[in-house]
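Enquirer: Here it is, the structure, as structure tokens.
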Amino acid sequence: MKIDRRNVDIPGTVYARMDMSIGEDESEVRMIQGAKIFVYDVEVCKSRTVSSGCSTIEINDWRHA
Amino acid sequence: MLPNGYTFLNPEDNDEAAAKLADRYIRVGSDKELEAVIGTDDERPEVVGALFTSYTKEAFSFDIVVRHDHRRKGLARALVRVAIDQFEDVRDAFDKDFHMEVDVVNQDMERLLKSMGFEVDKRVGKDHVQMTMESAVMQALHEMTRTQKKQAKKIFRPTQAFQSGFQAVASKGVPSFEEVWEEVKSSDSVNNILEHLAWDERQKSQFEYETDKDPEEFQEWLLENAVKEEVENRYEDVVYFIDHEMDGEDCWRAVGIPKNVDPAKHEDLGIYWSNKEDGSDEYWGSHRNTIPASTR
């Protein structure tokens, strides 16, 4: 999805990124619970450790955070 | 380090623009030379900040100017750091009374310099002060900052209560730095940092001898300032991202879902997203029988 600031929990995002250990690595953007978000696609993998065997499913539809 | 959107420019190529900028806001002594210039990081950069320095055998002095519409973005702090680096380069050539001094004509700058270890030497007018930093304080500040930074990377993590507190106030805009700092200060992380750092007896004695300051109190003050500087830098980066870069950015998250759930129809995708494709591991990904799905 593309970020729309109206859906973003701005204080939550600020504080998440203040975490010195992981804040910069994770680059978190925290959404407001239940916000409507437009999803482009989902990449589905059979294993969480091996990236092969993944397929991309087009979504192009609205979901919820 | 400069915030996103800015870059250091070659002083030799930008001396006229820097002088013009300085003329708008401050009076730079004729003995001072242009040391550093900050410009916007684009094809036709505009000069928005400058540092002028000079030194005698008694003191290293500097003037800083930042264009009014580019203030509160960390540019002045970056220029002070350049001044401190230059002071450190020449300090060993002088005796121990050699110090930094600066004429300050606005209260924001006075606050910034205090947070970096400067003290008011003389108040000339309501918004006009002369500030100094002793060489020994400078040395201590830098030693502690380096150590603190190493420690901070290991120790500084918001507590669970700290994070859930934010969700409770989640709503409108960017919290002020003061609000963020109050929360960070009261977290266990800062106390852990303070406990983990200690000067040895020789360092304490030497510091007391050179400055007449109580080393214990000073160390605490110093650490709080060093931590605050780290937090403030990060805060400025985050606010810049939210104000200038976030809208319209692609965003991802990785989730683990049970095998019997169709990822194409999975409805609730959660609140923890990242603007980096590989920014996050699968969230709470320890459930058994799940498949990871990276969602964009």
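Enquirer: Per residue of A:30-37, how many C-beta atoms from partner chains lie within 10 Å of its own C-beta, taken as a mean?
Expert: On the way: counts 8, 7, 3, 5, 2, 2, 0, 5.
Partner Cβ neighbours, averaged per residue: 4.
Enquirer: Okay, next question. How would B:Lys228, B:Lys213, B:Lys20 line up by accessible area, probe 1.4 Å, largest first?
Expert: Largest accessible area first, the residues go B:Lys20, B:Lys228, B:Lys213.
Enquirer: Rounded to a whole number of µm²/s, how large is the Stokes-Einstein D of region B:1-138 at 10 °C and 1.306 mPa s, given Rh as the Kirkwood radius over C-alpha pairs?
Expert: My calculation gives 104 µm²/s for D.
Enquirer: What's the average, rounded to a whole number, of partner chain beta-carbon atoms within 10 Å of each residue's beta-carbon in B:262-270? Could the numbers behind the result be given before it?
Expert: Working: counts 2, 7, 8, 4, 4, 3, 5, 9, 6.
Per residue, the average neighbour count from other chains is 5.
Enquirer: Okay, moving on. Provide Rg over Rh for region B:70-118; use the alpha carbon set for both Rg and the Kirkwood Rh (inverse mean inverse pair distance).
Expert: 1.01
Enquirer: In peptide B:247-254, what is the residue-averaged number of other protein chain Cβ atoms found within 10 Å of each Cβ?
Expert: Mean partner shielding for this stretch: 5.
Enquirer: Right, another one. Measure off 7 Å from each Cα along the Cα-to-Cβ vector at B:Thr40 and B:Glu178, then give the distance between these two points in nanometres to one decimal.
Expert: 3.1
Enquirer: Please tell me which of these pairs span more than 30 angstrom C-alpha to C-alpha: B:Lys20/B:Lys228; B:Lys73/B:Lys126; A:Lys36/B:Lys73?
Expert: B:Lys20/B:Lys228; A:Lys36/B:Lys73
Enquirer: Taking a probe of 1.4 angstrom, what is the accessible area of B:Val47 in Å², to the nearest 10?
Expert: About 20 Å², ignoring ligands and nucleic acids.
The values are calculated or read from the model by the stated rules, or taken from the named source; none is laboratory data. Not measured: the values here are computed from a predicted model. All Cβ positions, glycine included, derive from the backbone under ideal geometry; neighbour counts span all protein chains shown. Surface accessibility is based on the protein's heavy atoms, side chains included, excluding ligands, DNA and RNA. Shrake-Rupley method; radii C 1.70, N 1.55, O 1.52, S 1.80 Å.
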